[in-house]
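Submitted below is the structure of interest, expressed as structure tokens.
None of the figures in this text is laboratory data; all of them are computed from the coordinates on show. As the structure is a computational prediction, the values presented were derived from the model and not from experiment. Neighbour counts are summed over all protein chains in view; Cβ atoms, including those assigned to glycine, are modelled from backbone coordinates with ideal geometry.
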Amino acid sequence: MSAPGPRRREADIQREGTLTIFVPGRLTNPMNGPHGHWSTRAKWAREWRQRTGAAILHHVAQHRAGRQLGPYGERLGVVLGEAMHVSFLLHTWNAVDSDALGPMVKPCRDALIDMRLIHSDAPDSGHVFEYAQVVNRKARGVTITITPRTP
């Protein structure tokens, strides 16, 4: 898979039922570094949630123009309550410990709930979350792929 660049669209559908979104930005590990005031982490999380939501809305505007957005993401081919396989591919400056990948994209995962692409991220939701990383110093960010789970 080639790394997304500045001229590549931020979101595109690979096949029916699969949604792939690239969210650009510098990823940081909230578990490392100074643990200062809670508002610093809250600001970081809010920015990533908004950035992820903007990438999803950009996808909607670019690929489904002219139709009304349903309340649960039907327009994106996603059915609320259906079990999904969600994979996060982190494009980082340097390799990161595998235990840090989840916390680094937690705001992106929460944005999927905000945008109603998944109904919950609880363990009993039926969704499977997968994390991977690739060192990519030219286009840092996260690629989110949502695919319906096959029974």
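Highest first, please rank the peptides 144-150, 37-43 by the mean number of other Cβ atoms sitting within 10 Å of their residues. Mind showing how you got there, number by number?
Working: 144-150: 16.1, 37-43: 10.7.
For the peptides 144-150, 37-43, the packing ranking is 144-150, 37-43.
Now for a different question. What is the calculated FRET efficiency for THR150 to HIS37, with r their C-beta to C-beta distance and R₀ = 41 Å, to the nearest 0.05? Walk me through the intermediate numbers first.
Working: r = 45 Å, r/R0 = 1.10.
The calculated FRET efficiency here is 0.35.
Using the Kirkwood formula on the Cα atoms of segment 87-151, what hydrodynamic radius do you get, in angstrom to one decimal?
Values: mean 1/r = 0.0786 Å⁻¹.
Kirkwood hydrodynamic radius for segment 87-151: 12.7 Å.
In nm, to one decimal, how far is the modelled label at ASN94 from the one at SER125, with both set 7 Å along Cα→Cβ?
3.2
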